[in-house]
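So the structure is just underneath, and the comments pick up after that.
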């Protein structure tokens, strides 16, 4: 295994220069809402300590079929166990830079399906604990759908009464998970100016792609440093909702090309689940129409649902309408067109997996990534709470078996995996229930006033 400790510090100058150049470029479009500069504080010992959990490793997993498998481990932060650490830490570093240069308070607002909320809160907690900012200079309010409650991690921001008051975690009981995004967008349009004028607080809605794109270029930097080109072609496989991480990877490839670095052509393999197969549908049909999902028939012998018309979709599933993991809840993502262009130009594939398929391969995947990749999965799959990595590896193995991908090096992005024993679930008493915009406004206003 090859590994880079504290990758964000290791690549700090490259990231900072790329961010500065992006803001000066014609590609940069100013925002009507608050957006801190794409700049970072000086890298001193305190900042290095803040960034410490951002390690990255690449491990060979051996051959499968005519492909060579490798694992890009992006889950080194034990306080999150997901790749959301990288974007969250860079966003918090930008907020710190703004606070230091202007003296203004920054209050981050973010909808999430769970993992982004955990990572942002972890980064805020680290920034306060290492002394980058005071707890009243940088605050955060996140909101997740009820379906993601089991993914919320208890932490210092929830266990300490003062920090819990300053940094509310809201849960919204909407039957449609994407409603949390719509609610936050409405909250921002109604109230962001009010908070700036009344309290002198900048509300920062961090959901925009560009807020994460630059941080995710670290994947390309690590790929270049840790994985020599074998000359046979390289596919990046990723369990995706809207594929923001892969767009960050593309940004990194572009930035390295400017420096004269040639990486293998960017081939992508998208892995999704039946609950949100939109990017795979778009790739092969230029449409998000759910009627394009193949029709399943119930097999009388065992009651499972089967189809054999489309190899990009599960052959067998317990339920054609299942939602395998609440992490993946984005519908009709605006990123699809760009991702489609990359795959159609360079190669790649898209595949949808089912819970049945993931369980069928679970022990195979568990052994594969534990023995060579050093990533442990719970023996009992019912204890797994984040399925991203299992989905990705299952999709790759199925894709090779079905001839969707072949004769390639495949770099599986280990973007998230944790089980019941890896964290303490946030207590309902430490969260705030919100039904809509005004409930959320009250929670944020209380936190802002508590920080005065």
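Read-outs throughout are calculated quantities, based only on the coordinates presented, and are distinct from any laboratory measurement. Quantities reported herein were computed from a predicted structural model and do not represent experimental measurements. When we count neighbours, we look across all protein chains shown, and the Cβ atoms used for this are built from the backbone with ideal geometry, even at glycine.
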> For 186, 357, what's the fewest-to-most ordering of other Cβ within 10 Å of each Cβ?
Replying inline: 186, 357
>> Looking at the chain only, what percent of DSSP beta bridges run antiparallel? Nearest 5 please.
In response: 30 percent
>> To make sure I understand, if each residue's beta carbon is the centre and we count other beta carbons within 10 Å, what order do 16, 49, 116 fall in, fewest to most?
In response: 49, 16, 116
> In cubic angstrom, how much convex hull volume per residue do the alpha carbon atoms of the stretch 111-200 span?
Replying inline: 96 Å³
> Pairing the Cα long axis of helix 179-199 with the longest principal axis of the chain, what angle in degrees results, from 0 to 90 and rounded to the nearest 10?
Replying inline: 20 degrees
> Where does each of 221, 426 land when they are ranked from fewest to most other beta-carbon atoms within 10 angstrom?
Replying inline: 221, 426
>> Need one number: % antiparallel among DSSP beta bridges in the stretch 230-378, to the nearest 5.
In response: 25 percent
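Translational D (Stokes-Einstein, µm²/s) of the chain at 10 °C and 1.306 mPa s when Rh comes from the Kirkwood sum over C-alpha pairs?
71 µm²/s
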>> Which residues among the stretch 129-154 fall inside the zone where the amide N is under 20 Å from a point 7 Å beyond the Cα of residue 49, along Cα→Cβ?
In response: 129-139
> Assuming R0 = 51 Å, what is the FRET efficiency of residue 22 and residue 364, from their Cβ-Cβ distance, to the nearest 0.05?
Replying inline: 0.75
>> Quick check: convex hull of the Cα atoms in the stretch 179-236, volume per residue, rounded to a whole Å³?
In response: 116 Å³
> How big is the convex hull of the Cα atoms of the stretch 143-257, per residue, in Å³?
Replying inline: 175 Å³
>> Between 0 and 90 degrees, rounded to the nearest ten: what's the tilt of helix 115-130 against the longest Cα principal axis of the chain?
In response: 40 degrees
> How big is the stretch 75-229 in terms of Cα radius of gyration and Dmax, in angstroms?
Replying inline: 15.9, 56
> Given the alpha-carbon gyration tensor of the stretch 1-129, what are the semi-axes of its equivalent ellipsoid in whole angstrom, ordered largest first, with each equal to the square root of 5 times an eigenvalue?
Replying inline: 29, 17, 16
> How large is Rg/Rh for the stretch 47-88, to two decimals, with Cα atoms and a Kirkwood Rh?
Replying inline: 1.15
> Going by alpha carbons, how many degrees (0 to 90, nearest 10) lie between the helix axis of 12-24 and the longest principal axis of the chain?
Replying inline: 80 degrees
> Using the beta-carbon distance between residue 37 and residue 452 and R0 = 25 Å, what value does 1/(1 + (r/R0)^6) give for FRET efficiency, to the nearest 0.05?
Replying inline: 0.50
>> Given the -39500 (n - 2.57) contribution per DSSP H run of 4+ residues, what per-residue ellipticity at 222 nm results for the chain, rounded to the nearest 500 deg cm²/dmol?
In response: -12500 deg cm²/dmol
